[in-house]
Amino acid sequence: MTEFLKQPLVWTRKPDQVEITRDKVILTTQPHTDLWQRTYYGFQNDSAPVLQTKTSEPYFSFTVKTRFDSKVRFDQCGVALYLDSENWLKASIEYENERFQRLGSVVTNHGYSDWATTDIPAGVKEMWYRLSRRGSDYCIECSGDGVEFAQMRICHLWEGAGEISFGVYACSPEESSFQAEFSQMEIGPCAWNAHQ
């Protein structure tokens, strides 16, 4: 059993279709589910399902492997740290079209989201993520093999001190539904070393 699944887990908006076994979570997204707050688009979407555990540990890393069959624009699957509707972060691959999709992250502080991305081939259907915490600061990394990780982002959450919730999410902002699988979920010592 993976370390994450040994923890008490709580849904923020449980999906209609989900299967949790001793080593994986398989979630089927529902149409018109998303996470975004205000910036540029103006809308406030707070409907994506997020499966999380809580911790007050100030230094740790959470690693997860994702596998997904996304196929409609904005379908996404990844890792999340969701405190409330106006304070959260997520990292995922977001499908765009048959040529490319966007590997990226969103950080939302006090009700305003940003979005940092890089384009990757549409054929990528697996990705590892590692979320690391050092107090109120966070590092998000990704990997194609679960061994070599590359930094995606370092960020600060203004409400990210003390007890937090973190885990996995998937959603379909448009008229879509797909299956997202999360496995090899581990919680361990902080892999993000202190700055020297």
> Given 187, 12, 31, which one lies farthest toward the positive end of the charge dipole of the chain, if we put +1 on the Cβ of every Lys and Arg and -1 on the Cβ of every Asp and Glu?
Replying inline: 187
> In sequence order, what are the phi-derived ³J(HN,Hα) couplings for region 184-196 according to the Karplus relation 6.51 cos²θ - 1.76 cosθ + 1.60 with θ = phi - 60°, rounded to whole Hz, with x for glycine and proline?
Replying inline: 6, 8, 10, 10, x, x, 5, 8, 9, 5, 4, 5, 9
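If Lys and Arg each add +1 and Asp and Glu each add -1, what is the summed charge of the other residues whose beta carbon sits under 13 Å from the beta carbon of residue 145? Kindly include the intermediate steps, with their values, before the conclusion.
Numbers: positive: 65, 130; negative: 126, 141, 148.
Surrounding charge for residue 145 is -1.
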>> Past the 14 angstrom mark, what percentage of all C-alpha to C-alpha distances in region 112-196 do you count?
In response: 74
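What is the dipole size for region 106-196, taken about its Cα centre, with +1 at each Lys and Arg Cβ and -1 at each Asp and Glu Cβ, in debye to the nearest 20?
Values: 5 positive and 13 negative charges, 58 e Å.
The dipole of region 106-196 has a size of about 280 debye.
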> Which trypsin sites (Lys or Arg not before Pro) does region 20-82 hold that lie in a coil by DSSP with at most 15 other beta carbons within 10 Å?
Replying inline: 22, 38, 71, 73
>> In whole Hz and in residue order, list the ³J(HN,Hα) couplings for region 31-43 that follow from phi through the Karplus curve 6.51 cos²θ - 1.76 cosθ + 1.60, θ = phi - 60°; x for Gly and Pro.
In response: x, 6, 10, 6, 10, 6, 9, 6, 3, 6, 6, x, 7
> By how many nm would the segment from residue 41 to residue 117 lengthen if fully extended, with 0.36 nm per residue of separation less the alpha-carbon distance?
Replying inline: 25.7 nm
> GluC sites (Glu not before Pro) within region 101-196: which are DSSP loop residues with at most 13 other Cβ atoms inside 10 Å?
Replying inline: 148, 163, 174, 175
> Under a point spin-label approximation (7 Å from Cα along Cα-to-Cβ), what is the residue 134-residue 22 distance to one decimal in nm?
Replying inline: 3.8
>> Checking the cross-link filter: which lysines have an alpha carbon closer than 23 Å to that of residue 54, excluding same-chain neighbours under 8 positions apart?
In response: 6, 14, 24, 65, 90
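With a ≥ b ≥ c the root eigenvalues of the C-alpha gyration tensor of region 85-153, is it rounded (a/c under 1.5), prolate (a/b larger than b/c) or oblate?
On the way: a/c = 2.92, a/b = 1.33, b/c = 2.20.
Oblate shape, in that a/c is at least 1.5 and b/c is the bigger or equal ratio.
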> From the phi of every residue in region 155-160, what ³J(HN,Hα) in whole Hz does the Karplus formula 6.51 cos²θ - 1.76 cosθ + 1.60 yield, where θ is phi - 60° and glycine or proline is x?
Replying inline: 8, 10, 9, 5, 10, x
> Label point 7 Å out from residue 183 along Cα-to-Cβ: which residues of region 54-70 have amide N under 20 Å?
Replying inline: 62-70
> In vacuo Debye scattering of the chain, one point per C-alpha: log10 I(q)/I(0) at q = 0.08, 0.12, 0.13 Å⁻¹?
Replying inline: -0.22, -0.52, -0.62
> How many angstrom separate the Cα center of region 101-127 from the Cα center of region 7-66?
Replying inline: 15
>> Could you tell me how far the Cα centroid of region 69-94 sits from the Cα centroid of region 175-190, in Å?
In response: 11
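Values quoted throughout were computed directly from the atomic coordinates according to the rules given, and no laboratory measurement underlies them. Quantities reported herein were computed from a predicted structural model and do not represent experimental measurements. Neighbour counts run over all protein chains shown; Cβ positions are idealised from the backbone, glycine included.
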